[in-house]
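S.K.: Quick one: this structure, given as structure tokens, is what I'll be asking you about.
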Amino acid sequence: MTSVNFDPLRIRKDFPTLAQTVNGKPLTYLDNAATSQKPRAVLDAIDSYYEQDNANVHRGIHELSRRATIAYEEARGKVAGWINAADPSECIWTRGTTEAINLVAVAWGLDNVGEGDEILISVMEHHSNIVPWQMLASRTGATLRYIEIDDDGRLVLDDLDALLTERTKIVAISHVSNSLGTINPVKRITEAAHAVGAIVMVDGAQGAVHTRVDVQDLCCDFYAFGGHKMCGPTGIGVLWGRRELLDAMSPFQGGGEMIHIVGREESSWAAVPHKFEAGTPNIAGAIGLGAAVDYLSEIGIEDIEAHEREIVAYAMEKLGAVPGIRIYGPTSLDERSAVISFTMGDAHPHDISTILDSDGVAVRAGHHCAQLVMKHFGVSATARASFYLYNTKEDVDRLVEGLAQVAAIFG
Ligand code: PMP
């Protein structure tokens with residue numbers, strides 16, 4: 001149950017983009033797993049940085065640089081608090097989840113994974129959590145192994161102990177699937193991985209958005225997430241890592257800001273987190289994400305989660321009654337986050353999305369960067385409705401009304 005103060009209609013007013021019509025109909029935005037809309041507070045924080053404090057960070061002694069640096073580092077503290085990191089220095093700014101995963105695959109992977117070693121991922125992963133590991137495996141001679149999924153879109157963990165061997169160096173797993181909505185038992189996987197001496201990287205692109213994340217409680221070693229799906233701007237994300245791992249790692253990219261001393265032949269590195277932040281960072285992005293964390297914290301992630309659960313329960317019931325629909329992913333609400341992927345008879349998901357769009361309803365259609373999931377279910381694409389704090393049951397009703405038109409056209 002959400003608290004009495006949680007009011008999605010009031011929340012909607014904070015988001016300028018939601019107050020528009022699309023194709024003559026009020027916008028129903030159900031593409032939140034791709035990216036969320038941005039509240040006024042985030043837009044204002046970015047504007048205010050550019051209008052009043054714009055300067056490069058860490059390098060200047062002057063007032064604007066001092067202000068920009070304070071805001072930028074304060075934002076690091078905010079994202080650290082969002083995931084309960086022990087210290088803000090464990091949070092490295094990246095361009096997004098994808099870059100955070102690539103950072104680990106390169107900077108940790110090339111030093112720690114060798115021929116004959118194994119990397120364990122799952123069939124459920126977003127391409128961002130597959131391709132960097134394939135690249136690492138091909139550069140090092142390591143083997144990539146997969147946790148399979150069942151027909152309810154859950155990880156098959158019965159043979160986890162057999163998949164994990166003393167050769168397994170890293171397990172990379174999504175917290176929440178973007179294509180199926182499945183919430184994965186990360187802690188269970190972490191415990192099993194640690195028992196064989198492997199470390200665990202969590203792709204939290206859809207996790208840190210919808211649920212309280214406590215990286216210390218999850219006992220993982222790396223956790224990656226991005227700003228743009230949680231009310232923040234694009235082009236900014238976070239890699240959280242355990243301090244001792246980050247300290248021991250080689251840098252990811254070389255350049256200004258990440259060095260201690262530069263000599264003719266070689267250089268030494270700055271301390272964490274700056275060792276991983278070569279070049280001028282996305283200062284406005286970090287400040288915007290900090291503002292997003294403030295905004296979401298004020299509302300409360302528990303209330304957001306409870307609200308989304310209510311919307312998903314309603315949507316599962318209403319969508320489940322649409323003739324010809326097939327919904328993918330877990331049926332249990334305890335195992336499902338705010339994503340519903342579906343197909344409808346012979347209607348191609350692109351046609352479903354086009355018909356819905358003509359009614360002002362925005363959903364995504366395609367493989368959702370999860371081609372292995374599509375392959376498992378024998379489809380090339382699905383339509384996907386994904387919900388967030390500002391969605392209402394009326395949004396679900398409009399989706400279902402739109403699908404009635406799809407049924408009328410495709411029979
Ligand atoms: N992993 C998952 C589960 C995702 O949903 C996404 C975004 N669709 C990503 C990784 C990649 O995130 P980004 O595009 O922000 O780098």
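The values are calculated or read from the model by the stated rules, or taken from the named source; none is laboratory data. None of these values were measured; they are calculated from a predicted model. A quick note on method: Cβ atoms are made from the backbone with ideal geometry, for glycine too, and the neighbour counts reach across all protein chains shown. Just the protein is used for accessible areas: all its heavy atoms, side chains included, with ligands, DNA and RNA removed. Shrake-Rupley method; radii C 1.70, N 1.55, O 1.52, S 1.80 Å.
S.K.: Using only alpha carbon pairs under 8 Å that are at least six residues apart, calculate the relative contact order of the chain and give it in whole percent.
M.R.: Averaging sequence separation for qualifying contacts and normalising by length gives 23 percent for the chain.
S.K.: Whole number in Å², please: accessible area per residue of the chain, 1.4 Å probe, ligands, DNA and RNA not counted.
M.R.: Averaged over the residues of the chain, the accessible area is 41 Å².
S.K.: With a cut-off of 15 Å, note down the residues of the range 279-313 whose backbone N falls inside the zone around a label point 7 Å from the Cα of SER3 toward its beta carbon.
M.R.: 295-307
S.K.: With r defined as the distance between the Cβ atoms of ALA55 and THR165 and R0 fixed at 60 Å, what FRET efficiency is calculated, to the nearest 0.05?
M.R.: Efficiency computed from Cβ-Cβ geometry: 0.70.
S.K.: Under a cut-off of 24 Å between alpha-carbon atoms, report the lysines in cross-link reach of LYS275, not counting same-chain residues fewer than 8 places apart.
M.R.: LYS78, LYS169
S.K.: By how many degrees, between 0 and 90 and to the nearest 10, does the Cα long axis of helix 283-299 differ from the longest principal axis of the chain?
M.R.: Approximately 50 degrees, to the nearest 10.
S.K.: Separate question: Of MET1, MET316, which has the most accessible area with a 1.4 Å probe, and how do the rest follow in descending order?
M.R.: Ranked list, largest accessible area first: MET1, MET316.
S.K.: For the chain, set up a Gaussian network in which alpha carbons nearer than 10 Å are linked by springs, and say which option among PRO349, PRO88, PRO16 fluctuates the most.
M.R.: With Cα springs under 10 Å in the chain, the top fluctuation among PRO349, PRO88, PRO16 is at PRO16.
S.K.: Moving on. Give me the percent relative contact order of the range 272-402, please, defined on Cα pairs under 8 angstrom at least 6 residues apart.
M.R.: 25
S.K.: Can you give the charge dipole size of the range 335-411 about its Cα centre, rounded to the nearest 20 debye, using +1 on the beta carbon of Lys and Arg and -1 on the beta carbon of Asp and Glu?
M.R.: 320
S.K.: Net charge near ILE287: determine it from the other residues with C-beta under 9 Å of the C-beta of ILE287, scoring Lys and Arg +1 and Asp and Glu -1.
M.R.: Charge balance near ILE287 sits at -2.
S.K.: Just to confirm the number: angle between the C-alpha axis of helix 186-195 and the first principal axis of the chain, 0 to 90 degrees, nearest 10?
M.R.: 40
S.K.: Pick from ASP158, ASP221, ASP303: which residue has the top mean-square fluctuation in a GNM of the chain where Cα pairs under 10 Å get a spring?
M.R.: Judging by the Gaussian network model, the answer is ASP158.
S.K.: Of the GluC sites (Glu not before Pro) in the range 262-368, which ones lie in a loop per DSSP and count no more than 12 other C-beta atoms within 10 Å?
M.R.: Taking the range 262-368 and a limit of 12 other Cβ atoms within 10 Å, the loop GluC sites (Glu not before Pro) found are GLU265, GLU266.
S.K.: Counting other Cβ atoms within 10 Å, keep those with at most 12, restrict to DSSP loop, and tell me which trypsin sites (Lys or Arg not before Pro) in the range 263-313 are left.
M.R.: ARG264
S.K.: Quick one: angle between helix 63-82 and the longest Cα principal axis of the chain, in degrees between 0 and 90, rounded to 10, please.
M.R.: With rounding to tens, the tilt is 60 degrees.
S.K.: Under a 10 Å cutoff between Cα atoms, tell me which one of VAL186, VAL339, VAL22 has the largest fluctuation in the Gaussian network model of the chain.
M.R.: Greatest mean-square fluctuation among the candidates belongs to VAL22.
S.K.: Roughly to the nearest percent, how much of the accessible area of the chain is carbon and sulfur, given a 1.4 Å probe?
M.R.: Reported share for carbon and sulfur atoms: 50 percent.
S.K.: Taking a 19 Å limit on the Cα-Cα distance, which of the listed pairs LYS187/LYS375; LYS13/LYS393; LYS25/LYS393; LYS187/LYS229 fall beyond it?
M.R.: From the list (LYS187/LYS375; LYS13/LYS393; LYS25/LYS393; LYS187/LYS229), the Cα-Cα distance tops 19 Å for LYS187/LYS375; LYS187/LYS229.
S.K.: Using modelled amide H (1.01 Å from N, peptide plane; none on Pro or chain starts), what sits under 5 Å from the amide H of THR28, excluding residues fewer than 5 places away?
M.R.: Counting only residues 5 or more places away or on other chains, the set is VAL361, ALA362.
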